Amino acid sequence: MEFVKGLGGVYYLLIVLAAAVAIECALPWRKGLKINLARWLRNASMTVYGTILLSAIPAIAAFGAATAAEANGVGLMNQLGLPFSARLIISVLALDLMAYGQHRMLHQWYVLWRTHRAHHTDINIDVSTSLRFHPFETLFRAMIEVAVVFALGVPPEGILLIYLIHVIANAFTHANVALPRKADIILSRIITTPAVHRQHHSTDLSRQCSNFGTAFTIWDQMFGTFSGPENLREDERFGVEGPEAMKADTFGNLVFDPFRKPKGAGVPRPPAPDMPAAKDAAADKAL
C-alpha cells in the first residue's frame, strides 16, 4: 500500500479514472453522453484545489494523524492492542461509516449543504463527477476524519487502504456504466453500484435523499436510506432544481458556489407526506 503515498496516490487516481472511462465507453448506461473536456477540467479543478488546501494544512492530514496516533499510542485500538488485521478491518468499516455520516450531515444542515451543492449541480453523471467536490467540503471531511483517526487509533495502513477503496468506489459509482440487472441487484446488497448512487443525484428528492454510502450499502440498509437499483428510471434527471440550482455550470460558479444563498434557499428535501406534492407523487406511483 506504500505505493499510494505522495505522488503515487496521484498516479493511482489517474489509473483508476482512465480505467473507469474505458469501461464507460464499453458499457455505457446513458448512450450519447460524450466526454466534454471543458467540463472535465472544471470538475477536476475542484479535486486539485482540495488537494492543495489539505497539503497547506498538514494538521488535518489523516495519514499524518494516524502516524502520530500510532507513535504515541493514542486511540481505542492502540490502547486495546488489537491484532493488525483486526485494526485494518475495523478501520475500513469505521471510516466508511464515517463517510456515510458526513454525507448525511452535508444534506442536513444548510451551511454544510452549500459546500456539497456544487457536487449535485452536475446534470450529467459520469466519472468526472467523482472529482467535483468543492475544497470547502474536502476541508470539512478532513477535519472530521482526523478526529475519528485519533479517537480510534486508525493505523497509517488503514488510511492508505480506505484511500484505495474509496478512489475506486467514487469512480465506479459515478461512472456512466450499465451493469447486468441481476448482477446489479446482487452486488448492491453489499457495495454501492452506479445504479444505486445515480439515484442520489436525481432531481427527484425522494431518491436524492437516499443512498448516502460511499463503498458499502450496509449503512444505508441499516439506517433506512437504501434504494435498490431497480428503482432507477431510464429517463432519470440529475442535478439540483429550484432556487438552489446553479444558473450556469462555469468554473467561477463552481468555485464561489458555497457563498451563494439564493432567495428561498434551503436544503432540498422531499415534501412531508401530508403536503399536496407528496400526495400527488404517491398517487402517480400507485398508477
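Annotations for the structure displayed:
- Applying the criterion of being over 17 Å from Ile162 (Cβ atoms) and either touching a strand residue (DSSP E or B) at 6+ places or on another chain (Cβ under 8 Å) or in contact (Cβ under 8 Å) with a residue 24 or more places away in the chain (or both) to the residues of region 77-90, the residue that is surrounded by the fewest Cβ atoms within 10 Å (Cβ to Cβ) is Gln79.
- Condition met for Val148 (out of contact with any strand residue (DSSP E or B) (no Cβ under 9 Å at 6 or more places or on another chain), surrounded by 15 or more Cβ atoms within 10 Å (Cβ to Cβ) and not in a helix (DSSP H, G or I)): no
- Among the residues of region 21-71, those that are outside any helix (DSSP H, G or I) and within 22 Å of Asp249 (Cβ to Cβ) comprise Pro28, Trp29, Arg30, Lys31, Gly32, Leu33, Lys34, Ile35, Asn36.
- Region 212-241: number of residues that are under 14 Å from His120 (Cα atoms) and within 17 Å of the chain's Cα centre (by Cα): 4
- Per-region count, region 5-24, residues among the aromatic types (Phe, Trp, Tyr) and surrounded by 15 or more Cβ atoms within 10 Å (Cβ to Cβ): 1
- A count restricted to region 188-227 and to residues that are over 25 Å from Ile89 (Cβ atoms) and either among the polar types (S, T, N, Q) or outside any loop (DSSP other than H, G, I, E, B) (or both) stands at 13.
Residues checked against (1) surrounded by 14 or more Cβ atoms within 10 Å (Cβ to Cβ); (2) closer than 26 Å to Ile15 by Cβ; (3) under 17 Å from the mean Cα position of the chain (by Cα); (4) at pLDDT below 95:
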| site | (1), (2), (3), (4) |
| --- | --- |
| Ala178 | yes, yes, no, no |
| Lys182 | no, no, no, no |
| Pro194 | yes, yes, yes, no |
| Arg198 | yes, yes, yes, no |
| Ser210 | yes, no, yes, no |
| Pro243 | no, no, no, yes |
| Phe256 | no, no, no, no |
| Ala286 | no, no, no, yes |
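- Residue check, Gly252 without any contact (Cβ under 8 Å) to a residue 24 or more places away in the chain and assigned to a helix (DSSP H, G or I): yes
- Once region 44-76 is narrowed to residues that are among the aliphatic types (A, V, I, L, M) and more than 17 Å from Ala147 (Cβ to Cβ), the residue that is surrounded by the fewest Cβ atoms within 10 Å (Cβ to Cβ) is Ala56.
- Cross-chain or 6+ apart pairs with Cβ under 8 Å, region 52-70 first and in contact (Cβ under 8 Å) with a residue 12 or more places away in the chain, then surrounded by 15 or more Cβ atoms within 10 Å (Cβ to Cβ) and of a type in the set (S, T, N, Q): Leu53/Thr138; Leu54/Thr138; Ala69/Asn78; Glu70/Asn78
Yes/no per residue for (1) surrounded by 16 or more Cβ atoms within 10 Å (Cβ to Cβ); (2) out of contact with any Asp or Glu (no Cβ under 6 Å at 6 or more places or on another chain); (3) not basic (Lys, Arg):
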residue: Asp220; (1), (2), (3): yes, yes, yes
residue: Thr225; (1), (2), (3): yes, yes, yes
residue: Glu236; (1), (2), (3): yes, yes, yes
residue: Lys247; (1), (2), (3): no, yes, no
residue: Gly252; (1), (2), (3): no, yes, yes
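- Single match in His116, His107, His134, His120 (criterion: surrounded by fewer than 22 Cβ atoms within 10 Å (Cβ to Cβ), under 13 Å from the mean Cα position of the chain (by Cα) and closer than 30 Å to Thr250 by Cα): His107
- The listed residue being of a type in the set (Val, Ile, Thr), on the phi < 0 side of the Ramachandran plot and touching a strand residue (DSSP E or B) at 6+ places or on another chain (Cβ under 6 Å), out of Ile165, Ile125: Ile125
- Just one residue in the set Leu41, Leu27, Leu37 is surrounded by fewer than 19 Cβ atoms within 10 Å (Cβ to Cβ) and either in contact with a Ser or Thr (Cβ under 9 Å, 6 or more places away or on another chain) or under 30 Å from Val146 (Cα atoms) (or both); that residue is Leu41.
The values are calculated or read from the model by the stated rules, or taken from the named source; none is laboratory data. Keep in mind the model is a prediction, meaning the values are calculated, not measured. We place every Cβ from the backbone using ideal geometry, glycine too, and count neighbours over all the protein chains shown.
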